[in-house]
1. Which numbered condition trips up Arg290, out of (1) at pLDDT below 90; (2) open to solvent by less than 20 Å² (accessible area, probe 1.4 Å); (3) among the charged types (D, E, K, R)?
2. Suppose we filter the range 168-211 for residues that are touching a residue at least 60 places away in the same chain (Cβ under 8 Å) and part of a loop (DSSP other than H, G, I, E, B); how many remain?
3. Return yes or no: is Gln121 out of contact with any Ser or Thr (no Cβ under 6 Å at 6 or more places or on another chain), of a type in the set (S, T, N, Q) and in contact (Cβ under 8 Å) with a residue 12 or more places away in the chain?
4. Looking at (1) farther than 24 Å from Leu155 by Cα; (2) under 21 Å from the mean Cα position of the chain (by Cα); (3) among the polar types (S, T, N, Q), which is the only condition Gln240 fails?
5. Quick check, is Arg178 closer than 21 Å to His287 by Cα, touching a strand residue (DSSP E or B) at 6+ places or on another chain (Cβ under 6 Å), among the charged types (D, E, K, R) and modelled with pLDDT under 95?
6. Report, by residue number, each residue of the range 229-249 that is of a type in the set (A, V, I, L, M) and not in a helix (DSSP H, G or I).
7. Residues Arg144, Arg164, Arg156: which one is among the charged types (D, E, K, R), surrounded by 16 or more Cβ atoms within 10 Å (Cβ to Cβ) and under 13 Å from Leu271 (Cβ atoms)?
Amino acid sequence: MVATRPLATLRYAAVSSSAPRRWLAREAGPPTPPKPRLLDRVRAAVRARHGSRRTEEAYVACPAEMGAPEITRFLTALAVEGRVAASTQTQALSALLFLYRHVLELDLPWLEGVVRAKRPQRLPIVLTREEIRAVLQQLEGAPRLMAGLLYGAGLRVLECCQLRVQDVDFAANQIVVRAGKGDKDRVTMLPKVIKPDLAQHLEAVRTQHQRDLGVGAGWVELPSALARRYPHAGREWAWQWVFPATRMYLDRLTGDRRRHHLHESVLQRALKDAVRQAGVTKRASPHTLRHSFATHLLEDGHDIRTVQELLGHRDVSTTMIYTHALNRGPAAVRSPADRMFDP
């Protein structure tokens with residue numbers, strides 16, 4: 001009768017003798033896969049909820065292991081020492097809430113009690129029509145077209161950068177904004193005055209795309225899981241960016257040679273220079289063109305609900321802020337100083 005030995009002794013004998021190593025692997029079982037890193041878990045959770053790339057970038061930057069005192073000190077330091085805007089502090093808190101609830105799966109009710117910074121009420125900067133014309137005259141090329149779309153169609157900067165060829169409908173004079181703020185689609189107008197220059201620009205982009213295809217490139221990033229359903233759609237003309245970047249890059253996952261869309265900083269820098277050259281003293285940015293679009297539509301008598309839809313606002317109260325520039329407030333009231341010095 002053979003005496004039985006403990007499993008640990010058998011494993012030791014297998015290792016120390018000439019017994020096949022596959023016996024040891026069969027006894028020990030398959031190796032345990034490594035646990036995903038915290039930041040990878042955050043990215044996976046954001047993507048599972050169809051969060052934008054910017055949301056993903058913001059959320060992976062949050063601190064990982066903190067309690068109530070540390071979080072309070074962290075958020076306070078952002079506002080006091082870092083002097084960040086209220087929106088930045090709120091974004092940091094949202095990232096921490098997301099981390100604990102959806103990634104670490106911890107129920108921490110004290111997070112609800114963290115004081116949120118209040119967003120100050122600021123009136124939007126609006127340019128006059130003459131100032132808009134002066135600024136646009138200082139621009140050329142793609143930045144001029146992009147600025148024209150921000151003012152003529154009410155686009156946000158990133159919405160303009162991420163326009164694809166199929167989103168521009170020349171026949172219907174409209175632009176489809178896909179996955180805008182809040183992951184919402186909407187339709188806005190295509191200004192007729194921009195159509196000739198935009199069509200000429202797209203011809204040049206198409207020529208560039210044909211050259212890219214000729215050297216084995218011509219790919220663009222596709223939204224969500226579309227690339228798996230349509231493997232070759234990334235090289236089709238309809239999916240190309242209206243405003244592509246000047247350089248290509250190699251995607252590390254697929255090995256595709258792609259073009260990204262033009263970075264928003266290109267328009268920001270160009271507009272900043274144009275405002276200075278035009279002699280405009282207001283602190284105008286690309287978003288100022290969108291503010292001016294909404295204000296001028298209201299000045300022309302369009303109803304606020306229509307403007308709300310064109311801008312993609314969820315609540316009409318957000319659109320109401322543009323009524324400050326109409327003759328419904330201080331501009332409609334005559335100053336007593338003017339009346340006193342009347343002849």
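1. Only one criterion in (1) at pLDDT below 90; (2) open to solvent by less than 20 Å² (accessible area, probe 1.4 Å); (3) among the charged types (D, E, K, R) is unmet by Arg290, namely (1).
2. Taking the range 168-211 and keeping what is touching a residue at least 60 places away in the same chain (Cβ under 8 Å), we get 168, 177, 179-184, 186, 188-189.
Then keep just the ones that are part of a loop (DSSP other than H, G, I, E, B); that gives 179-184.
Here the count works out to 6.
3. Values: out of contact with any Ser or Thr (no Cβ under 6 Å at 6 or more places or on another chain): yes; of a type in the set (S, T, N, Q): yes; in contact (Cβ under 8 Å) with a residue 12 or more places away in the chain: no.
Against the criterion (out of contact with any Ser or Thr (no Cβ under 6 Å at 6 or more places or on another chain), of a type in the set (S, T, N, Q) and in contact (Cβ under 8 Å) with a residue 12 or more places away in the chain), Gln121 does not qualify.
4. Going through the list (1) farther than 24 Å from Leu155 by Cα; (2) under 21 Å from the mean Cα position of the chain (by Cα); (3) among the polar types (S, T, N, Q), Gln240 breaks only (1).
5. On the way: closer than 21 Å to His287 by Cα: yes; touching a strand residue (DSSP E or B) at 6+ places or on another chain (Cβ under 6 Å): no; among the charged types (D, E, K, R): yes; modelled with pLDDT under 95: yes.
No; evaluated as a whole, the condition is false for this residue.
6. The first filter runs over the range 229-249 and keeps only residues of a type in the set (A, V, I, L, M), leaving 233, 238, 242, 245, 248.
Passing the criteria: Val242, Ala245, Met248.
7. On the way: Arg164 fails: under 13 Å from Leu271 (Cβ atoms); Arg156 fails: under 13 Å from Leu271 (Cβ atoms).
Just one listed residue meets the conditions, Arg144.
Residues are listed down the side, and each one gets a yes or a no for (1) closer than 25 Å to Thr306 by Cα; (2) in contact with a strand residue (DSSP E or B) (Cβ under 7 Å, 6 or more places away or on another chain); (3) acidic (Asp, Glu):
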residue: Gln138; (1), (2), (3): no, no, no
residue: Ala172; (1), (2), (3): yes, no, no
residue: Asp197; (1), (2), (3): no, no, yes
residue: Val205; (1), (2), (3): no, yes, no
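The values are calculated or read from the model by the stated rules, or taken from the named source; none is laboratory data. What you are looking at is a predicted structure, and each value in this text was computed from that prediction instead of being measured. Using ideal geometry, Cβ is built from the backbone for each residue, glycine included, and neighbour counts are taken over all protein chains shown. Quick note on the areas: whole protein, heavy atoms, side chains included, nothing else; ligands and nucleic acids left out. Shrake-Rupley method; radii C 1.70, N 1.55, O 1.52, S 1.80 Å.
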